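The values are calculated or read from the model by the stated rules, or taken from the named source; none is laboratory data. None of these values were measured; they are calculated from a predicted model. Note that each Cβ is placed from the backbone with ideal geometry, even for glycine, and that neighbours are counted across all protein chains shown.
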Amino acid sequence: MKFHRGERRIQSLTGRRETVKIFSERAIRPYMPEQHRQMFHTLPFLVAASRDPAGRIWATLLTGQPGFVATPSSTRLKIISQPLPGDALSGGFVPGSSVGLLGIELASRRRNRVNGRIIDNADGELEVFVQQSYGNCAKYITPRQWQMNIPARSGKKVLKNRYLTTLTRSWIRSADTFFIASGFEELAHPASGLDVSHRGGAAGFVEVESASRLLFPDYAGNNFFNTLGNITVNPQVALLFIDFSAGSLLQLSGSASIHWDKTPVSKRAGAQRLVSVDIERIVVSLSCLPLIWQE
């Protein structure tokens, strides 16, 4: 069974269940195809979702020179990288725990996902067993070209908060990209695990409703409804915003709700439904990444 009850429920509500059943049989694999493995080898970063020592879901970036991700086999990933100091997932990625990974090549808009479990985390190297692997469409991805960057020592700073500040409100309002992590974890279920997904739109598509609440539109995608399905059974989510020009990270953790009311949805062009997030924890890491991007 490739989908859990939350995903199947959303697929049925939207009338996509039968189509997805047929398509998913060849799209979702328990191994990485060769083209996915080759792509991972070329990337300078992965988006990753896991849990911190307290069990809270977060999303972050794992970075390195191209080649820092290796695939010894079609069901194994080795990642020579760890979260940066002060990151919300420092101390995470514990062997046996779930992990969601997204390899995304912003310049070409390719993206491939891997969901699995941590086999080992020692000597700065993560090893992941692949349980699900599949590609995603290129919609709503703003093309960007990366370059290596040496962060200024004086610029590094980690801030923790419970509410959005003037800085983080402005950051979110100007964003055209973020990543969302969610999960369904039920022992022995084949669809159990964490997932991390890309979300994009015109700058301003994420609305700051208050110092602790965000609202964003959900657009048409591959109709698997991994994120919405997870939220249906477990509202805990994490959001990751990147300041591409400064190499900074904004990590949010909280709970999400899906809104189906047609009136507010119709006011947002292309939206299928709306998702709100009530923020519970915030971690800001300024000028921390060894990468920056330009459109």
Would you tally the residues in segment 176-200 being crowded, with 19+ Cβ neighbours inside 10 Å and either of a type in the set (D, E, K, R) or in contact with a Pro (Cβ under 7 Å, 6 or more places away or on another chain) (or both)?
2
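Kindly establish whether Ala138 is out of contact with any strand residue (DSSP E or B) (no Cβ under 8 Å at 6 or more places or on another chain) and surrounded by fewer than 21 Cβ atoms within 10 Å (Cβ to Cβ).
Answer is no for this residue.
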Out of all the residues in segment 134-145, is one or more among the small types (Gly, Ala, Ser) and without any contact (Cβ under 8 Å) to a residue 60 or more places away in the chain?
yes
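Looking only at segment 209-253, how many residues end up being hydroxyl-bearing (Ser, Thr, Tyr) and surrounded by 18 or more Cβ atoms within 10 Å (Cβ to Cβ)?
Of the residues in that region, 4 qualify.
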I'd like to check which strands (runs of 3 or more DSSP E) are fully inside segment 29-131 and have at least 1 residues that are in contact with an Asp or Glu (Cβ under 7 Å, 6 or more places away or on another chain) and not hydrophobic (A, V, I, L, M, F, W, C).
57-63, 76-79, 98-105, 110-122
Given (1) in a loop (DSSP other than H, G, I, E, B); (2) surrounded by fewer than 18 Cβ atoms within 10 Å (Cβ to Cβ); (3) in contact with a Leu (Cβ under 8 Å, 6 or more places away or on another chain), identify the lone condition not met by Arg268.
(2)
What pairs can you find where one residue is in segment 61-76 and within 19 Å of Pro95 (Cα to Cα) and modelled with pLDDT of 95 or more, the other is part of a strand (DSSP E or B) and of a type in the set (Lys, Arg), and their Cβ atoms are less than 9 Å apart, with a gap of 6+ or different chains?
Val69/Lys78; Ala70/Arg76; Ala70/Lys78; Thr71/Lys78; Pro72/Lys78
